[in-house]
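Below is one structure; the comments refer to it alone.
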Amino acid sequence: MVKNGAIVIDKVQKIFAGQDQQAAQIEAVHQVSAQIKPGDFVAIIGPSGCGKSTLLRMLAGLDQPTSGTIAVDEQNVTGPSRERGLVFQDSTLYPWLNVEQNVSFGLKLAKQLSKRKDEVQEFIDLVGLKGFEKVYPNQLSGGMQQRVALARALINYPKVLLFDEPFGALDAFTRMRLHDQLIKIWQKHKITMVMVTHDVEEAVYLADHIFAMTPRPAILKDIVDVDLPHPRDRNGEEFIALKEKVLRILNFTGEEGNLNENK
Amino acid sequence: MVKNGAIVIDKVQKIFAGQDQQAAQIEAVHQVSAQIKPGDFVAIIGPSGCGKSTLLRMLAGLDQPTSGTIAVDEQNVTGPSRERGLVFQDSTLYPWLNVEQNVSFGLKLAKQLSKRKDEVQEFIDLVGLKGFEKVYPNQLSGGMQQRVALARALINYPKVLLFDEPFGALDAFTRMRLHDQLIKIWQKHKITMVMVTHDVEEAVYLADHIFAMTPRPAILKDIVDVDLPHPRDRNGEEFIALKEKVLRILNFTGEEGNLNENK
Amino acid sequence: MLTGRFRGFVYKSYFIGGAFLLVSLYNLATLKFALFNPLYFPAPEAILNVLVSDWQFLLMCLLYSLRLLGIGLLFGISAGLLTGILIGWYTSWNYWLDPIVKLFGPIPSTALIPIVLSAFATSFQASAFLIALSTWFPITILTNSGIRNVKQDLFEVADTMGATDTQKILRVAVPAATPDIFVGIFNGICSSFITLVTAEMIGVKYGIGWYINWQRQIMGYANVYAGLIIIAVTFSLIITIFFKFRDHFLRWQKGVIKW
Amino acid sequence: MLTGRFRGFVYKSYFIGGAFLLVSLYNLATLKFALFNPLYFPAPEAILNVLVSDWQFLLMCLLYSLRLLGIGLLFGISAGLLTGILIGWYTSWNYWLDPIVKLFGPIPSTALIPIVLSAFATSFQASAFLIALSTWFPITILTNSGIRNVKQDLFEVADTMGATDTQKILRVAVPAATPDIFVGIFNGICSSFITLVTAEMIGVKYGIGWYINWQRQIMGYANVYAGLIIIAVTFSLIITIFFKFRDHFLRWQKGVIKW
Amino acid sequence: KNKKDQDAKAAQKKDDNYVLRLADPSGVCGAPQQIAAEKGFFKKAGLKYKTVKLSPDTNGLEATTSNKVDASNSLLGSVVQPLSNGAQIKITTGLHTGCISILTGKNSQIKSAKDLVGKKIGVAQVAGSEATFAKRYLSDHGVNVSDKHSQVEFTQYSGSELPLALEKGQVDAIAIEDPDVQIAQQKYGFNALANSAKTKPFNTEYCCVAYVSEKLAKDHPAVARKYTQAMQEATRWVAKHREETAQIQIDKKYAPGEKSINVQALDFYNWKASYNGAQKAFKQVGNSLQKAGVISKDVDIDSLARNSFLNVETQQ
Ligand SMILES: Nc1ncnc2c1ncn2[C@@H]1O[C@H](COP(=O)(O)OP(=O)(O)OP(=O)(O)O)[C@@H](O)[C@H]1O
Ligand SMILES: Nc1ncnc2c1ncn2[C@@H]1O[C@H](COP(=O)(O)OP(=O)(O)OP(=O)(O)O)[C@@H](O)[C@H]1O
Ligand SMILES: O=C([O-])O
Ligand SMILES: [Mg+2]
Ligand SMILES: [Mg+2]
């Protein structure tokens, strides 16, 4: 199987109609252009409500750009597809399916389950959940749930894997452990990864390229390349310098207006 | 009003009966003794499932120790009381009450609402939620919800304020902002604060004393005193040194077994 | 505003057209081709004629029914809430009442007519009781489960603010259980409608169920249909109003029953 | 194991004692002091006597009722699920069907007896239809709302795995809506019980509702009570089994209706 | 000619195999059908038949028009108004006089029809025979009983609960059928205000009639004839064997009560089956209901009477 996953984002703009006819339109993403090479790990970082999720949803094909195009391997994205997996912030596991059934969901849809039965266990092991095959989501911790979601997306061998703040709700310990697991999986499967995150340290620890966005409407302000080898040292000098660079670009002062936080 | 809030924990032990009669008993907390001076800020940190929440619930009076005693201002704790406020990890706001009604809930119970009506607005302003008085919890972000919970606990002027991982579910930006807000409130109200957390940086940034616990059953392994003035510099040398000291005590290697994470 | 209304009309026009088409087909089938037995399926004109000429009498019947329904629902809802709270909150009440609810609740109130008739002083009371009873059971079950499913945290928060038991029931348990309670009331209303028609078979003066029953005896089927149309419109309206009220009451909640 | 059972017995003993006390009081009131009219409130012995001597006939009536109920529920639940899915998922079905459901659903099926009697070939079919109809409405409403309240994410995840529309309905929408669907079925079962007694007034051969009705006509009140006891036990059992099944089916869910 | 013969043969065969569905008979007045079955008059007439259990709420009339049964018998008073509304049945014979009374409480002050103005009468069906009898009786005595301006309120209870309703004072009078009349009188000491077997002009008027569905009358007239004749024969038998009839009714659970009481009721009735008598009674009932404002003025009672009957004697 030839793996690719080159993404070309070309002058993408997204305008939402207001809630009712009186309300003003909202421009969430404004003229973003970028190219992502196959197998790259890109982090998208920016203030709350700036339009990161919107951009990611357009990459997944769940929303359509108002203007501009997105192409994956020279094919325009017109709708969702098995080629582009997505892991959401909140757990979107199917609560009525146990771990094994959740992971094999994509295979079942594609009628490949009988053929690829063994792989289900492989992917469960890969995300370190051996022994939890028969457990339902409501008995899993948040971190375990996100790992199941990861396995569920990976088993379809997507060319591109998209993450919308997948570790936002996890505690620091669990998060660090998952970072390392994710890097191992990425190195093994060579998938193009695009992750939206709020956490600058997470971005610097994981990504090759960090896309820093402006407040709404999202414009691609700057791209920070991270040229450190894995595993990275969170307390290393270069690491801390890169973190501060990203923070400076985002112009984060620690005193953002509170009212902006309304969701 | 004389503020106090001295806590004496004396050989406290907590054993849970198993789920059914066959199951073994679980010792969650083993012989913990400690003293907390009025107005101190204590962080309790330890591995997942070690018994931190159990200890905190006993301080609140929601659970009773199997043996040993807890006293606040020389009065034994036998049940919950207005003197000891509690902020949970997940939002425990009443979803059918708006921000204002949630904050004034304690006053309503004590039939003091008519007398102290103005204070409701004061406390809403204190946690930076002016303008959101009439909004229901499901329209608030996680950070805003935790601030409402904080205001709801503070308005009863408790001697002791207990927090069980209050910022666990928040993103890094929001968390940092709330840290600073919390410190300001603590300095203003001089309440004894006890916060359970997973996040070493959070503990070092906030607390005077950090209680490091062992894995289950929780034993108080060591107390780290943080003698830095507020506001603290997260990238300062001393700060990082203290972080590493705490991590060393907790013996955190980043390679904990996955199975331990089951909740 | 006007354009909005116009759009609404255009949106509905297919449906209105479809409804007209259906009535015409029915008309043809009954009047022209006598496909159905015209005794049981009278022409739409005949039904309309009843509605127009008999409207005062029908309105009076409707008001009688609404009074009976209203009183029955009032008592049924109150009793259901009370029982539900008692068995949902108090262990000792649960011990005594729960088996009784489980055993007697599912008995269809229509089967109890012989007993209630002798137990009550007037047959209006008996009818109202039947309606109340059919409403009471689902409300009890759903109030009980609503209260038992309230997250423990919510009570503990109240505890740390010094709440009494009564305060925890009235300020925490009941409001938290309202979504379930409304489902129970919806269920109860459905049951009360079914019971009403039967309850109006015993000693009521007038009523829309009584009217249908009477006309059925004398085979006045155009009148039966007129009565059914009134029942359909009224009951649909009652449920609509109920859900509007619920939506307002539960505006803090997402994911409620859609109507 | 044994001690567990013994404990259970001790736990229930007060209740059993209480029940005995009540029966004795009733006995005294009717037999010894004739406080109530003994025609309408027969002695417990008389009722027990009916149960013992007439058990075969009663059992047959019960089986007839269960058959009618079973067939009615089967069709009602199937139709309710189908309509609920159609109006919950497809915009165009919703457009045409939703107003019809809202208008016709609340009509109590007991009011439709005159029409269904003539519309169906046999009165068994008519009775089964009445039961199905009363079950159909709440199930439709709750299936519809269950499906509409499914979190959009769950469908989007399926989309990114290439799910077809049918797969999204059967593998996402319906399973996600099951908690609501079960509430609807509970509601439907309650309605079917109420309707059964009325449905058995139209030309059934035997049935427990028919039995009560018949004995009521000939003033055999001991028999009426015996019938009621059988109804109470059976219907309570049906609901208990239903909830057991539900608990197994929804073992992944927290906070379901408590029974 | 040959073909006509064949057709007739085929029809004959069809009729021979036809299983007549009869409404389950109950009550003292249901004697003819009960006896026709018990004493084999149906069999003698060469009829195959079965009975269909109907609860009282589905009266035989509704079951007959909706083709759930082919024939039934009931009180004349309850079929006139449905026939005026288009009920699809044909009356084939009158069976007997009797069998309804209006009862008042033991110590009731109600002594005449006029005393009932503003009062409540309990009936099993607001448009049933008992109510019809009460309305005619009241109307004859100058009380307005038209549906919407009635000076008397008719309320409905299940038959067995009517005595209870009167005893508890929920109604001021009840109109019921035999033998409930005799049972209630004996048990509660109720007084009879009027009795259709005794009170003029009802005492000479046919009360109970047999009818068949229009479909049966059209498709199987021979079956309708056999049914009618068997019913008439049974009626003649009852006239001669009242004691035995009462005994059979009790033994076979056709009627509640005690033999001695039920015989009293049976004794009052004139058991003489007649087609013409029934038609005459039909016109009387129709006219008096029209006068009372229960049946619309637009209805032509004479032509209604013509269209509502099937004369099995003259049909061939
Ligand atoms: N379906 C929609 N209709 C209308 N407006 C929308 C819609 N989706 C998003 N928006 C608006 O677009 C803007 C960008 O939203 P988006 O969710 O992409 O932000 P974000 O960067 O992901 O924020 P966060 O960091 O809080 O997740 C917001 O102002 C939001 O209110
Ligand atoms: N009510 C209870 N009954 C039985 N066991 C309990 C109960 N509450 C807690 N435990 C057990 O006690 C141990 C300590 O639980 P506790 O919640 O105090 O841990 P924790 O340190 O707060 O964990 P976390 O960091 O995950 O919140 C766990 O093994 C838990 O399973
Ligand atoms: O059947 C009769 O009531 O006469
Ligand atoms: Mg987002
Ligand atoms: Mg905890």
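The values are calculated or read from the model by the stated rules, or taken from the named source; none is laboratory data. Treat the numbers as computed from the prediction; the structure is a model and nothing was measured. Note that we place each Cβ from the backbone using ideal geometry, even for glycine, and neighbour counts take in every protein chain shown. Remember, those area values only see protein heavy atoms, side chains included, never the ligands or the DNA or RNA. Shrake-Rupley method; radii C 1.70, N 1.55, O 1.52, S 1.80 Å.
Shielding value for C:228-236 is 5, the average number of Cβ atoms from other chains within 10 Å of each residue's Cβ.
When each full DSSP H helix of chain C is screened for a Cα extent of at least 20 Å along its own axis and an average Kyte-Doolittle hydropathy of at least 0.5, the helices passing are C:2-27, C:55-89, C:123-148, C:174-199, C:221-249.
What net charge do the residues around D:Gly227 carry, taking every other residue with its C-beta under 13 Å from that of D:Gly227, with Lys and Arg at +1 and Asp and Glu at -1? Once all neighbours under 13 Å are counted, the net charge is -1. Kirkwood radius for segment C:115-187, taken over all pairs of different Cα atoms as the inverse mean of 1/r, rounds to 14.1 Å. In this Cβ point-charge picture (+1 for Lys and Arg, -1 for Asp and Glu), chain E has a dipole of about 840 debye about its Cα centre.
Sorted from nearest, the other copies put their A:Ala71 label points 7.9 nm away, the label point being 7 Å from Cα in the direction of Cβ.
Per-residue Karplus couplings for segment B:62-71, computed as 6.51 cos²θ - 1.76 cosθ + 1.60 with θ equal to phi - 60°, are listed in order as 7, 10, 9, x, 5, 8, x, 9, 10, 10 Hz, Gly and Pro entered as x. When only alpha carbons are used to place a centre, segment E:248-291 and segment E:70-95 end up 14 Å from one another.
Beyond 24 Å in Cα-Cα separation lie the following of the pairs E:Lys106/E:Lys135; E:Lys120/E:Lys187; D:Lys12/D:Lys244; A:Lys52/D:Lys168; E:Lys111/E:Lys187; A:Lys130/B:Lys52: A:Lys52/D:Lys168; A:Lys130/B:Lys52.
Relative intensity of chain A on a log10 scale, I(q)/I(0) at q = 0.11, 0.14 Å⁻¹, equals -0.63, -1.02, per a Debye sum over C-alpha point scatterers of equal strength in the absence of solvent. Would you work out the charge dipole size for chain A about its Cα centre, treating the Cβ of every Lys and Arg as +1 and the Cβ of every Asp and Glu as -1, and quote it to the nearest 20 debye? Roughly 940 debye, rounded to the nearest 20.
Note: relative contact order over segment B:89-157, using C-alpha pairs below 8 Å and six or more positions apart, is 51 percent. With bins 10 Å wide beginning at 0, the percent of Cα pairs of segment E:61-195 falling in each bin runs 12, 42, 32, 13, 1. For the protein assembly as shown, the share of DSSP beta bridges that are antiparallel, to the nearest 5, is 55%.
For C:Leu237, inter-copy separations between label points set 7 Å beyond Cα along the Cβ vector come to 4.5 nm, shortest first. Looking at segment E:46-107, the trypsin sites (Lys or Arg not before Pro) that sit in a DSSP loop and have at most 15 other Cβ atoms within 10 Å of their own Cβ are E:Lys106.
In a DSSP loop and with at most 12 other Cβ atoms within 10 Å, the trypsin sites (Lys or Arg not before Pro) in segment E:214-316 are E:Lys252, E:Lys253, E:Lys297.
Where Lys and Arg each count +1 and Asp and Glu each count -1, what net charge lies around B:Lys134 among other residues with Cβ under 13 Å from its Cβ? Net charge around B:Lys134: 0.
Per-residue Karplus couplings for segment B:134-150, computed as 6.51 cos²θ - 1.76 cosθ + 1.60 with θ equal to phi - 60°, are listed in order as 9, 8, 7, x, 5, 9, 9, 6, x, x, 5, 4, 5, 5, 5, 4, 5 Hz, Gly and Pro entered as x.
All Cα-Cα separations within segment C:59-99 were binned at 10 Å from zero, giving a P(r) of 29, 30, 21, 15, 5, each value a whole percent of the pairs.
Positive-end ranking of D:Phe75, D:Phe129, E:Leu162 along the dipole of the protein assembly as shown, with charges on Cβ about the Cα centre, is headed by E:Leu162. Chain D and chain C together bury an accessible surface of about 5300 square angstrom, both sides counted, with a 1.4 Å probe and no ligands or nucleic acids included. Between helix B:117-126 and chain B there is an angle of about 50 degrees, using the helix long axis and the longest principal axis of the Cα atoms.
Both radii are taken from the alpha-carbon atoms of chain E; with Rh as the Kirkwood radius, Rg/Rh is 0.99.
Taking only the alpha carbons of the protein assembly as shown, we obtain Rg and Dmax values of 39.6, 127 Å in that order.
With its label point put 7 Å out from Cα toward Cβ, D:Ser78 sits 4.5 nm from the same residue's point in the other copies, in order from shortest. I want the local charge near B:Ser53. Using Cβ-Cβ distances under 9 Å, sum +1 for each Lys or Arg and -1 for each Asp or Glu among the other residues. Surrounding charge for B:Ser53 is 0. For the pair B:Arg232 and C:Asp247, a Förster radius of 51 Å applied to the C-beta separation gives a FRET efficiency near 0.55, rounded to the nearest 0.05. With one equal scatterer per alpha carbon and no solvent term, the Debye-computed log10 I(q)/I(0) for segment E:122-276 at 0.08, 0.17 1/Å reads -0.29, -1.16. Dipole check for segment B:82-234: with +1 at the C-beta of Lys and Arg, -1 at the C-beta of Asp and Glu, and the Cα centre as origin, the magnitude is about 720 Debye. Kindly give Rg over Rh for segment D:44-253, based on alpha-carbon atoms, with the Kirkwood expression for the hydrodynamic radius. Ratio of gyration radius to Kirkwood radius: 1.08. Leaving ligands and nucleic acids aside, the B/C contact buries around 2100 square angstrom of accessible area in total at a 1.4 Å probe radius.
Of all the options C:Ile241, C:Ile194, C:Ile218, the one that moves most in a Gaussian network model of chain C with Cα springs shorter than 10 angstrom is C:Ile218. In percent, rounded to a whole number, the relative contact order of segment C:44-253 is 28, using alpha-carbon pairs under 8 Å and six or more apart. Counting every C-alpha pair in segment B:89-157, the share spaced more than 21 angstrom apart comes to 13%. Taking GluC sites (Glu not before Pro) in DSSP loop states with no more than 12 other Cβ atoms inside 10 Å as exposed sites, chain A has its longest site-free stretch at A:75-254. Once divided by 2.2 N^0.38 Å, the Cα radius of gyration of segment D:76-172 becomes 1.31.
In this rough spin-label picture, where each label sits 7 Å from Cα along the Cβ direction, the E:Lys272-B:Lys190 distance is 11.6 nm.
Under conditions of 25 °C and 0.890 mPa s, segment E:198-274 yields 172 µm² s⁻¹ as its translational diffusion coefficient, taking Rh as the Kirkwood radius over Cα pairs in the Stokes-Einstein equation. When you filter the trypsin sites (Lys or Arg not before Pro) in segment D:200-259 for DSSP loop state and at most 15 other Cβ atoms inside 10 Å of their Cβ, you are left with D:Lys205, D:Arg251, D:Lys254. With every protein chain in place and a 1.4 angstrom probe, the accessible-area ranking of D:Asp180, E:Asp178, largest first, reads D:Asp180, E:Asp178.
Across chain B, Cα pairs under 8 Å and at least six residues apart give a relative contact order of 26 percent. Protection proxy ranking of D:44-53, B:57-66, D:224-233, by the mean of other Cβ atoms within 10 Å over each peptide's residues and highest first, is D:224-233, B:57-66, D:44-53.
As a calculated quantity, the FRET efficiency between D:Glu45 and E:Tyr188 at R0 = 30 Å, using C-beta atoms, amounts to about 0.70.
Residue order by solvent-accessible surface for D:Ile71, B:Ile45 is D:Ile71, B:Ile45, largest first, with ligands and nucleic acids left out and a 1.4 Å probe. Across segment A:216-227, computed HN-Hα scalar couplings (Karplus, 6.51 cos²θ - 1.76 cosθ + 1.60, θ = phi - 60°) run 4, x, 4, 10, 6, 7, 6, 10, 9, 8, 10, 9 Hz from first to last residue, x flagging Gly and Pro. Peptide C:196-208 has a mean shielding of 5, counted as Cβ atoms of other protein chains within 10 Å of each residue's Cβ. In straight-distance terms, cross-link reach from E:Lys13 covers every one of the aspartates and glutamates whose alpha-carbon lies under 19 Å from its own, apart from those fewer than eight places away in the same chain; here that gives E:Asp5, E:Asp70, E:Asp219. Diagonalising the gyration tensor over the Cα atoms of segment A:170-226 and scaling each eigenvalue by 5 before taking the square root yields semi-axes of 22, 15, 9 Å, largest first. What FRET efficiency, computed as 1/(1 + (r/R0)^6) with R0 = 22 Å and r the Cβ-Cβ distance, is obtained for A:Ser33 and A:Asp222, rounded to the nearest 0.05? The calculated FRET efficiency here is 0.95.
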